[in-house]
Amino acid sequence: VVRLRKLQARRDIAFGTGSYLSVWHDDGQLELATVLRDDLGQGGRAAREFRKLHELYPDSILRDDALFGEALSWKSAGQPEKACSAVDELARKYPDSKYQRQSPALRAELGCKPL
C-alpha cells in the first residue's frame, strides 16, 4: 500500500505543454483500492480510493470499474445505502458497462430502491 500511495502521489503538472501524469496512474489507483478492499478488508477506505479514480481520471476507461468497485467496497463496509448510490451512478453514467449484467443481482442483494 505504501508503494502504491507513493506512485499515486506523483501528479505533477508541466509548466509547458503536457504533464508528467503516467498513463498507468489510473491502473495504480484501481490496484490500491482493490488491495485495501480484498487483501486488507478496509471497505470504507477502499471505497474512497475507488471514488478518487472516478474523480481524478475523467478520461480513464476504468471509471466504470471504479464505480462497481466502490459499490462492492461500501457493501463490504456494511453501508448498503452508499453501495446503492454507486450502483445507481454506474447505471446512469455507463449504461453499456460490462457490470450492467451483475448490477441487478447486486441491487437486489443490497435492497436498493428501483431506478
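Given (1) surrounded by 18 or more Cβ atoms within 10 Å (Cβ to Cβ); (2) touching an Asp or Glu at 6+ places or on another chain (Cβ under 6 Å); (3) at pLDDT below 95, identify the lone condition not met by Tyr20. Just one mismatch for Tyr20, condition (1).
Quick check: is even one residue across region 78-97 modelled with pLDDT of 95 or more, surrounded by fewer than 20 Cβ atoms within 10 Å (Cβ to Cβ) and among the β-branched types (Val, Ile, Thr)? Looking through region 78-97, none of the residues is modelled with pLDDT of 95 or more, surrounded by fewer than 20 Cβ atoms within 10 Å (Cβ to Cβ) and among the β-branched types (Val, Ile, Thr).
Run down Ser76, Ser103 and say which single residue is farther than 19 Å from Glu49 by Cα and among the polar types (S, T, N, Q). Quick ask: steps written out before the conclusion?
Working: Ser76 fails: farther than 19 Å from Glu49 by Cα.
One residue alone meets the criteria, Ser103.
Restricting the first member to region 56-85 and to residues that are basic (Lys, Arg), and the second to residues that are in a helix (DSSP H, G or I), the beta-carbon pairs closer than 6 Å and six or more apart or on different chains are Arg63/His54; Lys75/Ala83; Lys82/Trp74.
Please tell me if Glu49 is modelled with pLDDT of 95 or more, acidic (Asp, Glu) and in contact with a His (Cβ under 8 Å, 6 or more places away or on another chain).
Numbers: modelled with pLDDT of 95 or more: yes; acidic (Asp, Glu): yes; in contact with a His (Cβ under 8 Å, 6 or more places away or on another chain): no.
No.
Please state which one of Lys75, Lys113 is among the basic types (Lys, Arg) and buried (at least 20 other Cβ atoms within 10 Å of the Cβ). Exactly one residue qualifies, and that residue is Lys75. If you check Glu70, Glu89 for being among the charged types (D, E, K, R) and more than 24 Å from Val1 (Cα to Cα), only one passes: Glu89. Taking the criterion of being closer than 22 Å to Asp39 by Cβ and either among the charged types (D, E, K, R) or under 11 Å from the mean Cα position of the chain (by Cα) (or both), the residues of region 75-84 that qualify are Lys75, Lys82. When you check Gln29 against the structure, is it of a type outside the set (Phe, Trp, Tyr) and at pLDDT 95 or above, yes or no? Criteria not met by Gln29. When restricted to residues that are more than 14 Å from Leu72 (Cβ to Cβ) and part of a helix (DSSP H, G or I), region 99-115 contains 4.
The values are calculated or read from the model by the stated rules, or taken from the named source; none is laboratory data. Keep in mind it's a predicted model, so treat the numbers as computed, not measured. Positions of Cβ are generated from backbone atoms using ideal geometry, with glycine treated the same way; all protein chains shown enter the neighbour counts.
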